[in-house]
Amino acid sequence: MYFRNLVLSAFAIAIVAGFVFSAYQAFFITPLILTSELYEVSEPLASHQIEAWAPADGMERNSWSLATNFLLCFAYALILMSVMTVSSSISFVKGLFWGGAAYLTVFAAPALGLPPEIPGMEEAYLEGRQAWWILTVILTALALWLIAFQSTLNKVIGLILILVPHIVGAPQAEIHGFINSDPKAVEALTLLWHDFILQTSIANALLWLVIGGLSAYSIKRFINPIDALDEKKM
């Protein structure tokens, strides 16, 4: 019963959160990506190369984004709800704090070293960026747990852990900038990039607040119903 309610709740949360995130993405993020793609400098494919498949712009692209976002939200909701159930008490407001902590862990902290990138930007090696991202997420999650639930000494250790990946430094491209070196293109892409960072930051914050709040509600309503009954009696 517990596992079934957990999965069904995460599924329902993923529908809501995925739709909200996808709607914001379609209106505020996708146009930035499409515009930046116009400035990409593409080299002609060799005769033996096959162009990779990509969804067409419009409905097909939005549909694939929605499906991808749903699966991502489903995984996020399962993980966050599983962690939240260890808390002795939970409420909608506390759920928002949990969502905020997840936002700091999964998006904000890694973005300090590896800001979201638009098409056409020079990138460091994928393996290096992945390794640094994983290190940052693990250390940030551990640090926030120490700060929130442990003694003063451990809180200090948590603050140090948050800084470690940023002291080490994220891997950067040898030549930082855009593939298209035309001055007008660079100016336009820089503005698009800054707007892209802002919009993705807002979108991810909204995503995690929705998941956090709905996860708290689902835990009280469907996973720990005794807590909800006790609250009503009080």
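Considering the chain as a Gaussian network with a 10 Å cut-off on Cα pairs, which listed residue, Glu37, Glu117, Glu174, attains the greatest mean-square fluctuation? The residue that fluctuates most here is Glu174.
With R₀ fixed at 25 Å, the C-beta to C-beta distance from Asn62 to Ala131 puts the FRET efficiency at about 0.20. When the Cα positions of Ile219, Leu139, Tyr24 are compared along the charge dipole of the chain, Ile219 comes out farthest toward the positive end, with charges on each C-beta of Lys, Arg, Asp and Glu. Label zone of His194 (point 7 Å out along Cα→Cβ, amide N under 12 Å): in region 94-128 this covers no residue at all. Assuming charge only on the beta carbon of Lys and Arg (+1) and of Asp and Glu (-1), the dipole of the chain about its Cα centre is about 1480 debye to the nearest 20.
Stokes-Einstein diffusion for region 120-234 at 10 °C, viscosity 1.306 mPa s, with a Kirkwood radius from C-alpha pairs, works out to 87 µm²/s. Lysine pair count for the chain (Cα-Cα distance under 21 Å; residues 8 or more apart in sequence or on different chains): 6.
Accessible surface computed residue by residue for region 124-234, with neighbouring protein chains in place and a 1.4 Å probe, gives 62 Å² per residue. Highest mean packing comes first when the peptides 131-139, 60-68, 104-112 are listed by Cβ atoms within 10 Å, giving 104-112, 131-139, 60-68. What FRET efficiency comes out for Glu187 versus Leu112 if R0 is 35 angstrom and r is the Cβ-Cβ distance? Round to the nearest 0.05. Calculated transfer efficiency: 0.90.
Taken along the Cα-to-beta-carbon direction at a fixed 7 Å, the label points for Leu159 and Ile15 span 4.6 nm.
With all protein chains present, how much of the accessible area of the chain (probe radius 1.4 Å) comes from carbon and sulfur, to the nearest whole percent? So the carbon and sulfur contribution to the accessible surface is 70 percent. Please state, rounded to one decimal and in Å, the Kirkwood hydrodynamic radius that the chain gives when every pair of distinct Cα atoms enters the mean of 1/r. In the chain this quantity evaluates to 20.0 Å.
Length available on full extension from Gln150 to Phe27: 0.36 nm per residue minus the Cα-Cα distance, which gives 40.1 nm.
The values are calculated or read from the model by the stated rules, or taken from the named source; none is laboratory data. Keep in mind that this is a model prediction, so the values were computed, not measured. Every residue, glycine as well, gets a Cβ built from its backbone with ideal geometry; the counts of neighbours run over all protein chains shown. Accessible surface is based on the protein model in full, side chains and every heavy atom, while ligands, DNA and RNA are left aside. Shrake-Rupley method; radii C 1.70, N 1.55, O 1.52, S 1.80 Å.
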